[in-house]
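Report on one structure; see the data block that follows.
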Amino acid sequence: MTTDILIRGGTLVGENGRQRADLLCHDGLIAAVGADLAAPAGASVIDAGGCFVLPGGIDPHTHLQLPMMGTVVADDFFTGTAAAAAGGTTTILDFVGPDKGQSPLDALAAWRQKAAKAGIDYGFHMTVSWWGERFAAEMPSLVRDHGVASFKFFLAYKGGLMLPDEDILAGFLRCRDLGALPQVHAENGELIAHLQHKLLAEGIRGPKGHPLSRPSQCEGEATLRAITMAEILEMPLYVVHVSTAEAAEAIARAQARGVKVIGETLPGFLAIDASVYDDPDFDIAAGHVMSPPYRPAGHPEALWKAVEAGALSITGTDHCCFTRAQKRLGAGDFTKIPNGCGGIEDRMNILWALGVEGGHLSAERFVALTSANAAKIFNLWPRKGNLVVGADADIAILDPAKSKTITAAAQHQNTDFSVWEGRRLKGSVVHTVAGGRHLWADGDLRAEAGGGRYLPRKPFGPAYGG
Ligand code: URP
Ligand code: ZN
Ligand code: ZN
């Protein structure tokens with residue numbers, strides 16, 4: 001039983017509108033919404049005057065404690081989810097990553113164990129890291145018995161996670177039978193592998209080689225290829241971390257043809273360009289190495305247009321953070337720099353500052369992009385992403401007048417690097433309530449290991465018309 005919390009005097013914002021109202025949290029749920037609510041005996045009261053009261057963020061793309069490229073992501077399920085809470089995010093969907101040949105059910109059990117210390121609610125997607133009879137055979141149980149209703153396929157990372165089209169096709173069909181949502185990391189892995197070898201042979205070994213080996217066309221081609229499969233198989237598709245104008249255009253065109261393609265982008269792709277890889281400081285250039293990479297100027301602007309038009313409707317972080325020391329594993333060979341950047345703590349604040357303050361989004365669209373749309377697509381609606389009576393008491397209170405400067409030194413993410421270093425933002429999440437627990441209170445982070453709950457999800461969600 002949690003202490004009752006009354007949030008008083010704020011402006012509640014949902015995907016379809018806003019209202020001045022108080023909100024009462026009781027027993028982990030939203031118990032009342034209305035004018036001048038009385039505080040029950042023993043309740044704590046949060047003064048939200050002048051603030052926006054928003055559904056807690058849902059980050060549908062995180063990698064916590066993931067073994068990768070000879071190391072392990074620096075944030076575990078406690079540090080990562082605590083940092084999320086400090087930025088107004090109250091739910092994450094992380095990826096289970098089976099080893100090659102490992103039973104996905106066994107991998108899920110291992111991930112459930114790792115995630116038991118999460119401070120906020122969490123669910124899982126399953127990475128299809130290999131394909132074979134056993135994988136296909138375990139998918140029904142993953143979906144029906146364990147609530148893992150989305151599967152990610154890699155068209156990139158040749159020699160690692162990449163699957164041939166034949167296996168992707170078989171995996172998509174299996175998803176379709178089960179009502180599970182296929183997701184794709186869409187880059188052309190063959191071309192990238194070719195360019196990596198060529199660049200290394202030419203003596204280009206530093207971080208600059210990373211974007212050079214992953215031209216934007218590789219993402220455009222792979223995105224269209226995955227869409228074409230889904231279109232012909234008459235099934236939905238979710239494209240993760242869209243970073244290019246080409247991919248956004250392929251998604252928008254498919255949507256116009258009636259294909260159910262959902263596009264996710266990341267705050268970094270809306271604001272950071274490839275000039276970061278020119279930095280002479282290895283730690284800074286390598287700190288930005290992720291796949292797909294930050295793109296040349298022009299792409300962020302095109303992505304904002306796709307967000308405004310609704311073609312890209314979900315934002316995640318792809319939080320996969322490494323320390324400077326970990327990134328130095330790739331000193332002398334850019335292909336060995338651990339791929340990934342942080343951001344689980346920053347997404348809500350960045351998108352408010354750049355999106356709402358920047359004139360791209362209304363507060364309502366901000367809610368759609370940071371929680372409501374993900375809740376629907378991943379079958380967590382109406383429990384999540386929604387400030388209505390009976391929904392989970394997952395709330396971010398944002399003060400639009402409060403400015404904040406992001407620094408690695410002050411962040412809660414377990415790394416000494418931030419792609420947002422020195423960014424001054426207008427507007428900041430000042431309180432976070434997750435499952436009725438007050439986890440972030442004006443600079444005081446109170447997340448507790450094990451406070452989060454596992455979220456099994458049902459198949460045949462809205463992407464299937466459900
Ligand atoms: O560089 C990235 N994005 N690392 C995490 C794995 C992935 O591709 O999403
Ligand atoms: Zn990816
Ligand atoms: Zn990812």
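The values are calculated or read from the model by the stated rules, or taken from the named source; none is laboratory data. Remember, it's a predicted structure, so these values are computed and weren't measured experimentally. FYI the Cβ positions are ideal-geometry reconstructions off the backbone, even for glycines, and counts take in every protein chain you see. The area values use the complete protein model at the heavy-atom level, side chains included, leaving out ligands, DNA and RNA. Shrake-Rupley method; radii C 1.70, N 1.55, O 1.52, S 1.80 Å.
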Quiz item: Out of residues 5 or more away from Gly427 or on other chains, whose amide H comes under 5 Å of its own, with H placed 1.01 Å from N in the peptide plane?
Solution: Lys402, Ser403, Lys404
Self-check item: Sequence-distant residues sharing a close amide H with Trp440 (under 5 Å, placed H)
Solution: Thr432, Arg446
Quiz item: If you plug each phi of segment 85-99 into the Karplus form 6.51 cos²θ - 1.76 cosθ + 1.60 with θ = phi - 60°, what whole-Hz ³J(HN,Hα) values come out, in order, with x for Gly and Pro?
Solution: 4, 5, x, x, 9, 10, 9, 10, 10, 10, 10, 6, x, x, 5
Exercise. Return the FRET efficiency for the residue pair Asp99, Leu233: r is the Cβ-Cβ distance, R0 is 25 Å, and the value is rounded to the nearest 0.05.
Key: 0.35
Quiz item: How far is helix 245-256 tilted, in degrees, relative to the longest principal axis of the Cα atoms in the chain, given as a value from 0 to 90 rounded to the nearest 10?
Solution: 70
Quiz prompt | Accessible surface of the chain [probe 1.4 Å, protein heavy atoms]: carbon and sulfur percent | solution = 53
Quiz prompt | Part-to-part distance (alpha-carbon centres) for segment 81-95 and segment 97-120, which is given in Å | solution = 18
Quiz item: Quick one: helix 299-309 against the long Cα principal axis of the chain, what's the angle to the nearest 10°, folded into 0 to 90?
Solution: 50
Exercise. Any chance you could run the full-extension gain for Lys208 through His194? It's 0.36 nm times the residue separation minus the Cα-Cα distance, nm to one decimal.
Key: 3.4 nm
Self-check item: Protection proxy ranking of 65-72, 85-92 - average other beta-carbon atoms within 10 Å, highest first
Solution: 85-92, 65-72
Quiz item: By the gyration tensor of its Cα atoms, with a ≥ b ≥ c the square roots of the eigenvalues, what is the shape of segment 23-124: rounded for a/c under 1.5, prolate for a/b over b/c, or oblate?
Solution: prolate
Quiz item: What spacing in nm lies between the two simple spin-label points modelled at Met1 and Arg112, each 7 Å away from Cα in the Cβ direction?
Solution: 3.0
Quiz prompt | Ordering of 93-103, 230-240, 31-41 by burial proxy (mean other Cβ atoms within 10 Å per residue, highest first) | solution = 230-240, 93-103, 31-41
Quiz item: If you plug each phi of segment 193-206 into the Karplus form 6.51 cos²θ - 1.76 cosθ + 1.60 with θ = phi - 60°, what whole-Hz ³J(HN,Hα) values come out, in order, with x for Gly and Pro?
Solution: 4, 4, 5, 4, 4, 4, 5, 4, 5, 7, x, 8, 10, x
Self-check item: Ranking by accessible area, most exposed first, for Leu445, Leu329, Leu6 with a 1.4 Å probe
Solution: Leu329, Leu445, Leu6
Quiz item: Label-point separation (nm) for Phe460 and Glu364, each offset 7 Å from Cα along Cα-to-Cβ?
Solution: 3.2
Quiz item: From the phi of every residue in segment 45-52, what ³J(HN,Hα) in whole Hz does the Karplus formula 6.51 cos²θ - 1.76 cosθ + 1.60 yield, where θ is phi - 60° and glycine or proline is x?
Solution: 10, 9, 7, 9, x, x, 10, 9
Exercise. Using amide H atoms built 1.01 Å from N in the peptide plane, name the residues 5+ places from Val45, or on other chains, whose amide H lies under 5 Å from its own.
Key: Leu6
Quiz item: Could you give the dipole magnitude of segment 56-382 about its Cα centre, charging the beta-carbon of Lys and Arg +1 and that of Asp and Glu -1, in debye to the nearest 20?
Solution: 280
Practice problem: Give the accessible surface of the chain per residue, rounded to a whole number of Å², with probe radius 1.4 Å and ligands, DNA and RNA excluded. | Solution: 35
Practice problem: Rounded to the nearest 500, what is the 222 nm mean residue ellipticity of the chain from helices alone, with -39500 (n - 2.57) per DSSP H run of 4+ residues and division by all residues? | Solution: -8000 deg cm²/dmol
